[in-house]
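The values are calculated or read from the model by the stated rules, or taken from the named source; none is laboratory data. Everything numeric here is computed off the predicted structure, so don't read it as measured data. Cβ coordinates were reconstructed from backbone atoms using ideal geometry, including for glycine residues, and neighbour counts include every protein chain displayed.
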């Protein structure tokens, strides 16, 4: 894997304090980060300078994280960027929609620093492709 300082991660979360905690953990691990407070700002950041990976909340104003990812899928360049959802919403329908959209992973809040870093490293090493769908109690959508 390349030097972590050359790996840029975009954090999209309307909870500024939580986004700051994520940014702090990623910076301590050597990653370059950018924070957007909603999906509109996240979209602007994504178009201006595509990241290696996006960490995205689901429940946000203007556009949900799922709507944001759906829009990402309409562009060949952004469709290739892995998205990891970090959300307090972990119901089966939300997780199924995330899988359907091609999310690289889904972490239910609260998460630990170790979970965050392990997930990011696994996603970057696999090119953002999910190795195993989450266990949501029914067959994965493919």
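Consider the stretch 1-13 and keep the residues that are in a loop (DSSP other than H, G, I, E, B) and surrounded by fewer than 18 Cβ atoms within 10 Å (Cβ to Cβ). The one that is modelled with the lowest pLDDT is 1. For the stretch 71-82, taking the residues that are within 13 Å of the chain's Cα centre (by Cα) and not in a loop (DSSP other than H, G, I, E, B), the one that is surrounded by the most Cβ atoms within 10 Å (Cβ to Cβ) is identified as 72. Within the stretch 88-105, the set of residues being in contact with a helix residue (DSSP H, G or I) (Cβ under 8 Å, 6 or more places away or on another chain) and either under 18 Å from residue 47 (Cβ atoms) or in a helix (DSSP H, G or I) (or both) comprises 94, 97, 98, 101.
Quick one: would you say residue 120 is in contact with a strand residue (DSSP E or B) (Cβ under 9 Å, 6 or more places away or on another chain) and either in contact (Cβ under 8 Å) with a residue 60 or more places away in the chain or surrounded by fewer than 17 Cβ atoms within 10 Å (Cβ to Cβ) (or both)? Spelling it out, residue 120 is indeed in contact with a strand residue (DSSP E or B) (Cβ under 9 Å, 6 or more places away or on another chain) and either in contact (Cβ under 8 Å) with a residue 60 or more places away in the chain or surrounded by fewer than 17 Cβ atoms within 10 Å (Cβ to Cβ) (or both).
Closer than 20 Å to residue 110 by Cα, surrounded by 19 or more Cβ atoms within 10 Å (Cβ to Cβ), modelled with pLDDT of 95 or more and touching a helix residue (DSSP H, G or I) at 6+ places or on another chain (Cβ under 7 Å), is that true of residue 85? Taking the combined requirement at face value, the residue satisfies it. Of all the residues in the stretch 5-29, those that are touching a helix residue (DSSP H, G or I) at 6+ places or on another chain (Cβ under 7 Å) and without any contact (Cβ under 8 Å) to a residue 60 or more places away in the chain number 3. The residue of the stretch 35-63 that is nearest to residue 9 (Cα to Cα), among those that are touching a helix residue (DSSP H, G or I) at 6+ places or on another chain (Cβ under 7 Å) and in a loop (DSSP other than H, G, I, E, B), is 52.
If you scan the stretch 15-34, which residues turn out to be more than 23 Å from residue 4 (Cβ to Cβ) and not in a helix (DSSP H, G or I)? Across the stretch 15-34, the qualifying residue is only 15.
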